[in-house]
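The values are calculated or read from the model by the stated rules, or taken from the named source; none is laboratory data. Because the structure is a prediction, the values reported are computed rather than measured. Using ideal geometry, Cβ is built from the backbone for each residue, glycine included, and neighbour counts are taken over all protein chains shown.
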Amino acid sequence: MKKINSIFQLLTALFFGIGLVYFLTYEKMWSSIPMTSEVVSWLLAGLVIYLITWGTSWGYTSSLNSRIKKVELEKKDLKAMVFDLERGMKADQIVKKPEVSQDDVEPSSIKPRENFK
């Protein structure tokens with residue numbers, strides 16, 4: 001699509017450039033003034049080419065904008081999924097934290113240290 005847009009922009013510039021040179025040299029080549037209908041037909045053809053160029057560039061930008069919106073929505077969904085997964089892992093760690101009871105601890109043969117003053 002980008003290539004088509006570039007081709008139409010180049011075609012529009014080329015058309016108006018050729019038209020400018022043609023009408024500036026018309027009097028010298030044919031020694032008369034160009035007819036009004038000829039000038040109007042050139043301008044109408046240029047307008048049609050310009051509108052086609054404008055339409056292709058508008059279509060190209062709108063397709064890029066829709067692609068950007070889709071990627072942003074996908075990014076938000078992935079962020080939400082990661083957040084949910086992280087939150088779920090933290091909740092599982094809190095719930096599944098093994099609690100050590102006094103019955104499971106084996107008595108040690110070493111006596112605890114006493115602080116003397």
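Couple of notes before you dig in:
- Test: residue in the stretch 67-76 that is touching a residue at least 60 places away in the same chain (Cβ under 8 Å) and either touching a Phe, Trp or Tyr at 6+ places or on another chain (Cβ under 6 Å) or not aliphatic (A, V, I, L, M) (or both): no
- Across the stretch 16-48, the number of residues qualifying as of a type outside the set (Gly, Ala, Ser) and under 25 Å from Ser62 (Cβ atoms) comes to 2.
- Restricting the stretch 63-116 to residues that are aliphatic (A, V, I, L, M) and modelled with pLDDT under 70, the residue that is farthest from Ile4 (Cα to Cα) is Val105.
- Some residue of the stretch 7-14 being surrounded by 12 or more Cβ atoms within 10 Å (Cβ to Cβ) and either touching a Cys at 6+ places or on another chain (Cβ under 6 Å) or more than 26 Å from Leu64 (Cβ to Cβ) (or both): no
- Positions within the stretch 30-45 being among the aromatic types (Phe, Trp, Tyr) and either surrounded by 10 or more Cβ atoms within 10 Å (Cβ to Cβ) or closer than 16 Å to Phe16 by Cβ (or both), in sequence order: Trp42
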